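Notes follow once the structure below has been shown.
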Amino acid sequence: MIVPIFPLPNVVLFPKTLLPLHIFEDRYRTMTREVIAGDRRLAMVLLREGWESNYYETPAVHDIACLGNIESYEELEDGKYNI
């Protein structure tokens, strides 16, 4: 199975928990739109220390992620999402 990766610096998704997120960056808005149109799955992964220097390209992430599912969402007028 291949799923999109959503890396965050200070947030970890744990199994069987809800994690409300506000999606505002263009690349993650696009990812969210695609995930919603598909099977609604995405992997949440923690960024490694020093991620800031490579954030807009390929930042380093930890080896373990948690598979999540978008249970509900709200698309805002400006194209952002609350998931």
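Laboratory data are not the source of any read-out in this text; all were calculated from the coordinates shown. It should be emphasised that the depicted structure is a prediction, and the values quoted were computed from it without experimental measurement. We place every Cβ from the backbone using ideal geometry, glycine too, and count neighbours over all the protein chains shown.
When the helix-only estimate is applied to the chain (DSSP H runs of n ≥ 4, each -39,500 (n - 2.57), divided by the residue count), what is the mean residue ellipticity at 222 nm, nearest 500 deg cm²/dmol?
Dividing the helical sum by the residues of the chain leaves -4500 deg cm²/dmol.
Which length gain, in nm to one decimal place, applies between residue 80 and residue 40 when the Cα-Cα distance is subtracted from 0.36 nm times their residue separation?
Numbers: separation 40, 0.36 × 40 = 14.40 nm, distance 1.66 nm.
Extra length from residue 80 to residue 40 when fully extended: 12.7 nm.
Suppose a student asked you for the relative contact order of the chain, using Cα pairs under 8 Å spaced at least 6 residues apart; what percent would you report?
37 percent
How large is Rg over Rh for the chain, taking Rg from the Cα atoms and Rh as the Kirkwood inverse mean of 1/r across Cα pairs?
0.94
With the dipole of the chain worked out from charges on the C-beta (+1 for Lys and Arg, -1 for Asp and Glu) around the Cα centre, which of 64, 24, 6 lies farthest toward the positive end?
64
Between 0 and 90 degrees, rounded to the nearest ten: what's the tilt of helix 26-37 against the longest Cα principal axis of the chain?
50 degrees
Based only on other Cβ atoms within 10 Å, what is the fewest-to-most ordering of 77, 49?
Taking fewest neighbouring Cβ atoms as first place, the list is 77, 49.
For labels at residue 66 and residue 48 in the simple 7 Å Cα→Cβ model, what's the distance in nm?
2.2 nm
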